[in-house]
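What follows is one structure encoded as structure tokens, with my remarks underneath.
Here, each number is a calculation from the coordinates, and none is a lab measurement. Predicted, not measured: the structure shown is a model, and the values here were computed from it. Glycine gets a Cβ as well: all are built from the backbone with ideal geometry, and neighbour counts include every protein chain shown.
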Amino acid sequence: MNISKVRLTNYYHHFLLALSKFELMNKIVLYIFFCLSGNFAIAQTKGSLITARQVNLPSFSITKVPDSSRFEKSNLQKNKAVMIMVFSPDCDHCQHKVKEIQANIKLFKNIQIVMVSNLGYDYINRFYREFNMAKYPGITMGMDYRYMIGNFFTIGSVPAIFLYNKSGKFI
């Protein structure tokens, strides 16, 4: 075989290799685009749009830890902002968020924090003890046994945090 044909064959193989890499790159970019567009579509669900129009704090009833008493919207302190945090006791991100709040608790002196989970009462109670939540009287923690708050906000992942001003309006 002559040298020019060998070079041409090598160039042709390099061209095909480069073309296949280019096609692979296009497929990857297209795949990432579709993945991201799917996430954006999920983020704009009908439920989240409904919540945006319902600006008042929803009614709720939770079973408080550690005493199993009932805590409802009517038990919130008047003229005080409210932060609702939906969490799961076994969620690493939730645990990290609680540690951040505890480390900066002075910043929350004018905010009543209500932490709710729909996981079993025993799990929430264990979390309450492990994180020494009794030390933080501005934080109310309990079980949302009917998942009222989760349904109201159409929670997709935890932790989920919702803020209301002292007038009870969504911020």
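Using only the C-alpha atoms of the range 102-161, find the volume of their convex hull and express it per residue in Å³.
Values: hull volume 5.7 nm³, N = 60.
Enclosed volume per residue, from the Cα hull, is 96 Å³.
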Exercise for the section: Please give the contour-minus-distance gain from Lys78 to Ser59: 0.36 nm per residue of separation, less the Cα-Cα distance, rounded to one decimal in nm. Expected result: 5.4 nm
Fill in the blank from the handout: For Asn118, other-chain or 5+-apart residues with amide H closer than 5 Å (H placed, Pro excluded) are Asp144
Problem - Spin-label zone in the range 108-140 - amide nitrogen under 16 Å from a point set 7 Å from the Cα of Asn151 along the C-beta vector - result: 117-119
Practice task
Just list whichever of Lys78/Lys99; Lys78/Lys109; Lys135/Lys169; Lys109/Lys169 have alpha carbons separated by over 23 Å in the model shown.
Solution key: Lys78/Lys99; Lys135/Lys169
Fill in the blank from the handout: Label model pair Ser68, Ile105: point-to-point distance (7 angstrom along the Cα→beta-carbon line) in nm is 2.6 nm
